[in-house]
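A quick write-up on the structure given underneath.
Values quoted throughout were computed directly from the atomic coordinates according to the rules given, and no laboratory measurement underlies them. From a predicted model like this one, the values you see are computed outputs, not experimental measurements. As a convention, Cβ positions derive from the backbone with ideal geometry for all residues, glycine included, and neighbour counts pool all protein chains shown.
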2 protein chains.
Amino acid sequence: MMRRWKLLKSAIVCLLLCGVYFVFSLWTRCDVNKKDDNFFRDENRQIDGELHYHNRGAQSFNMVEKMSQEKGPVKYQEIECVINGEYSVQGRREENEVYFPFSFLQKYFEVYGKIEDYDGYERFEWQHSYSKVFPPKEKYSPDGVFMSFEHYNVEVRDRVKCISGMEAVPLSTQWGPQGYFYPIQIAQYGLSHYSKYLRDGKPDVVILEDGEEEDVSDWTVPDRKSQMDIIRDGTLDTNVIEFKTSDSLKSRGIVMSLDEEAGYIFNVQMKFITNGSISVTLETNNGDSMRIHYVQSTTLMMFHGREIFYGLGDRRKKWSRITRDLIIDLQKGLALKYGKSKRNQLKSDFVKLVSVCVRGHGYIDNVTLSSSSHLDQFYDAADWLVRHQDSRGGWPIMVKRRLVPEVLDLPPGWYSAMAQGQAISLLIRAYLMTKDHKYLDAALDATKLYEISSEQGGVLAKFAGVYDWYEEYPTTPSSFVLNGFIFSLIGLYDLTQVAPSDKAEPAERLYNAGIQSLKSMLLLFDTGSGTIYDLRHFTLGMAPNLARWDYHTTHINQLLLLATIESDPIFRTTADRWVGYMKGHRAAHN
Amino acid sequence: MMRRWKLLKSAIVCLLLCGVYFVFSLWTRCDVNKKDDNFFRDENRQIDGELHYHNRGAQSFNMVEKMSQEKGPVKYQEIECVINGEYSVQGRREENEVYFPFSFLQKYFEVYGKIEDYDGYERFEWQHSYSKVFPPKEKYSPDGVFMSFEHYNVEVRDRVKCISGMEAVPLSTQWGPQGYFYPIQIAQYGLSHYSKYLRDGKPDVVILEDGEEEDVSDWTVPDRKSQMDIIRDGTLDTNVIEFKTSDSLKSRGIVMSLDEEAGYIFNVQMKFITNGSISVTLETNNGDSMRIHYVQSTTLMMFHGREIFYGLGDRRKKWSRITRDLIIDLQKGLALKYGKSKRNQLKSDFVKLVSVCVRGHGYIDNVTLSSSSHLDQFYDAADWLVRHQDSRGGWPIMVKRRLVPEVLDLPPGWYSAMAQGQAISLLIRAYLMTKDHKYLDAALDATKLYEISSEQGGVLAKFAGVYDWYEEYPTTPSSFVLNGFIFSLIGLYDLTQVAPSDKAEPAERLYNAGIQSLKSMLLLFDTGSGTIYDLRHFTLGMAPNLARWDYHTTHINQLLLLATIESDPIFRTTADRWVGYMKGHRAAHN
């Protein structure tokens, strides 16, 4: 008898709910119409908010209808949707509205989105593009932040094999696994650290040793054949540490034990008499300890046991500095041994520096650990450019570039207008910081290749025989890559602002011709819903090479930069429209 | 007690259903995954077919869960979807799949679709574009069908006010309500009827009167002052009908009663001595009868009472023919009185011809009603072009064309390379049919304006100062409309194939230069997902003017035509890719 009563009660609950839901379902109908009219109005959210609840009600109500086998409208059903007569997907039909699964829309339209949870309130966030625009905060200036490069982090990119110990700049593997020095990447490395320096200001620096305390008791000398002293150095005119012990990596070395978490940028000045090395021991947050050896070798890098080796080349005869990002040195070492996947698990795994160790016979000074060392990295890049500029004023790129295999190939040794331009932007900043003319002279020399046609080994192309274009990839026929051309112009602009009047003429002429070409040709890259990366479709008669969203945003960032230094409204208006494309807005059709 | 039992039973039914649906819901899960993997495979339909049933089951099951207030996953629910952070739409969520309403997708992506019913099986048909490509059936030839013009029906377009009784060609109101003769429209009118003639062959013709039966008893003479006789005409060298009665439209006239449904193209040859007219009475399928008067007046058209009037101009002194599409004459008349909407209700309302009536003093012969009269309409267009070609070999367009108001305006009197080209294509066909040199000479003269720059009042533009382009709209700066340019080239091609070698040189030179420009510039119109109508974005630095789908298909039809006469694969491969765009396929991005 009791059991019956339970069932009876639950049945009654059923019927009551039906009644309530029936009222809801009536409300719903009018709301649905309201919604349709207001489709793009702001009240939408609120209205839809209400609907949320009502429709659920209506839903359940109809399901009950079905279950109780009554005839009546089923508001929800599956429906086959034939897509352009090519294939089918299953949609959901409610009266005259048909719903399409995002898994299909994502493939069909290449849109993005996912369900986000806000403290239990879940909503779907639809993104037309995955990329982000950084509008400039002020008028562009040759001594300011470079575009949005303060957000760049060149060295963490997978295509950067490591920061060379000998050259102190990134080594690229983008187009050749063997690795090569890519002037564009090196300039961007310098420009990003310069921009971060302007953004972040002075770093926190912990001095581990500078010899000024005239006390080496922090250091543990392994045996009586080894020794460590403080001496006065004539060149540096400061106290420095002289150390003398076995140079064998098997030996214990002279060790300073630490427990330092203040930063991950390791700086040291050194001058060796014999072979020798400097090693650091890191603790990682899974409790392991890893050792990195900086050795006088021409080997780029090596992984052996649990130890990573970076070659510094010959560090004898004169003082030199190394600035090492211990996180990057660790990650690139792990990537070398385990590949990306494992490396990524271990990412930013560095916790603290637990020891520094020197071997061989030599001197060290200003051993520091800091939160950043952007200026050092900036100068490392600028100095590399000065050291490696050739007699034509360029930085030949020693890798084969296959823009369109068999059709647009560049054999090793090609120059890039983008490399020239980005190098100039970096060198000009180094000149303005130091007033050292070696930087300015290198920047001035870097314009010479802008005057030489691609066929002649330069970077100058002509569109339709009339418009000058400086080629990121000086192919024949020309490829007219937009973003590289604009970077080449920004470099020229920097030079026109800084070069003494008697030396500014080539840069001014080249910049004016280039900006004129850009104004004339810019819209050829506009598809009405995005942008095109280059004009290979025009020169080769093939499909346009559409720019993926991060190149599209680079185009926009570049136009917004130019809008701050050029009066022609075309840059601003075009950039604004291109921003709209990222939200699915399209140019009108006739 | 009995009531309790009922409730009890229904509750049990509930629980049983739950059990069954639970099993279904398990099946569903794996099927859903299967579905996702096979997304673009054909088995889909079948798999989805099964799902249909299962999901419904799962659905109801969960609703019961909800109703009975148990905790548990709700497979179907509404979810707010935020679109690019700009606004929200309500989606539908099932586990991790989110569904979007087509009413939103349609607005956002401009796609098309609707639910179609196949004998009770309803499915949704998604269309990326609304337009259709007509691949050529054979190699293009100057005496063959013109592109896909056999599908054109120029005269029914709303922008055609009517077929002029004096000029026997359409009068356009596209860019001016006053109406003007638009050579492009007239050439297309002729080319479409020529193409239909080739497709349909000889029409069914009913001879209503040709005087050969030497019997006028079919005609009712109203009074003894009126008369009708058969006489021999020296000019035509056949029997013709002479009629003499009042020329007043109030008078009864001489009437032949009919009950003729064989066609709707009314043909008659006439020569008037005095003022006079020819009238027809039509029966419409709502039982009404309408009268159309063809009068010797210069008034284009008029509607009075239930009667429509078309002015034929002066038809005295010499024999002339009129060919009237009675459906069109009726519709345009109704449109004049009632506007489009009412006209559309009455569309193709003509049922039968119930009488022909002549007034005044004159002669008629070969009075016929036929299913079509394409050749007559073709010659009406060709002869208009011969009559109206000016001393520069062109057909000036006497309406202001505002391509981009205030920026690209053409004052009345402009020439169009498209008009010149389409006219040549028509005139060449008339020449090949008749061997009458007036047509060939007009076609040869029509090339002269191709040589004259837009600034000089011609139609020749240069892209970037190097590529010759014949302008549909010879604006300054140039607009480079693609489809008009290609039509201008097809005309030149027709001429090169037919003109005697001593006269072919200009056409050959102009065609070769133009086709070279087209090959070089074609890809500039390719957005990777559609095409651009013109290059105003390049010349004016504004947003690209995207081609709507029917212009896109015109581009494709034109390239497919060129692919049959030009060896360069660019036309075929580009057309194939552009066909893909109509199904949502896109060019790759980098």
Next on the checklist: What's the magnitude of the charge dipole for the protein assembly as shown around its Cα centre, counting Lys and Arg as +1 and Asp and Glu as -1 at the beta-carbon? Answer in Debye, nearest 20.
Outcome noted: 2400
Checklist outcome for this item: Distance in nm between B:Gln227 and A:Val351 label points, each 7 Å along Cα→Cβ, equals 12.8
Item to check | Cα centroid separation - region A:272-314 against region B:89-116, whole Å | outcome: 57
Checklist entry - Do the sum for chain A: with -39,500 (n - 2.57) for every DSSP H run of n ≥ 4, divided by all residues, what is the mean residue ellipticity at 222 nm, to the nearest 500 deg cm²/dmol? => result -12000 deg cm²/dmol
Checklist entry - Which whole DSSP H helices in chain B pass both tests: a Cα extent of 18 Å or more along the axis and a mean Kyte-Doolittle value no lower than 1.0? => result B:482-498
Checklist entry - Taking every residue in B:91-97, how many Cβ atoms of other protein chains lie within 10 Å of its Cβ, on average? => result 5
Next on the checklist: Between B:Ile565 and B:Ser320, what's the calculated FRET efficiency when r is the beta-carbon distance and R0 is 56 Å? Round to 0.05.
Outcome noted: 0.90
Checklist entry - Using the 10 angstrom Cβ neighbour count as an exposure proxy, how do B:Thr573, B:Thr299 rank, fewest first? => result B:Thr299, B:Thr573
Checklist outcome for this item: Zone reached by a paramagnetic label modelled 7 Å from A:Ile273 Cα along Cα→Cβ, restricted to region A:213-234 with backbone N below 15 Å, covers A:225-234
Checklist outcome for this item: For B:542-551, B:219-228, A:386-395, ranked highest to lowest by mean beta-carbon neighbours within 10 Å, the order is B:542-551, A:386-395, B:219-228
Item to check | 19 Å cut-off, amide nitrogen to a point 7 angstrom out along A:Gln456 Cα→Cβ, residues in region A:508-529 | outcome: A:508-514
Checklist entry - What are the GluC sites (Glu not before Pro) within region A:152-243 that DSSP puts in a loop, where the Cβ has at most 14 other Cβ atoms within 10 Å? => result A:Glu212, A:Glu213, A:Glu214
Checklist entry - Where in region A:470-486 does the amide nitrogen come within less than 15 Å of the point 7 Å from the Cα of A:Gln497, taken along Cα to Cβ? => result none
Item to check | Residue mean of other protein chain beta carbons inside 10 Å, A:536-548 | outcome: 6
Next on the checklist: Sort B:His293, B:His437 by Cβ crowding within 10 Å, fewest neighbours at the top.
Outcome noted: B:His437, B:His293
Checklist entry - Shielding of A:118-124 by partners, i.e. mean partner chain Cβ atoms within 10 Å per residue? => result 3
Item to check | Ranked packing of A:133-140, A:171-178, A:308-315, most packed first, by mean Cβ within 10 Å | outcome: A:308-315, A:171-178, A:133-140
Checklist outcome for this item: To the nearest 0.05, the calculated FRET efficiency linking A:Thr298 and A:Glu122 through their beta-carbon distance, R0 being 60 Å, is 0.60
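For an R0 of 56 angstrom, estimate the FRET efficiency from the Cβ-Cβ distance between B:Asn512 and A:Arg159 and round to the nearest 0.05.
Efficiency computed from Cβ-Cβ geometry: 0.70.
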Checklist entry - Given charges of +1 on the Cβ of Lys and Arg and -1 on the Cβ of Asp and Glu, with all other atoms neutral, how large is the dipole of chain A about its Cα centre, in debye to the nearest 20? => result 1840
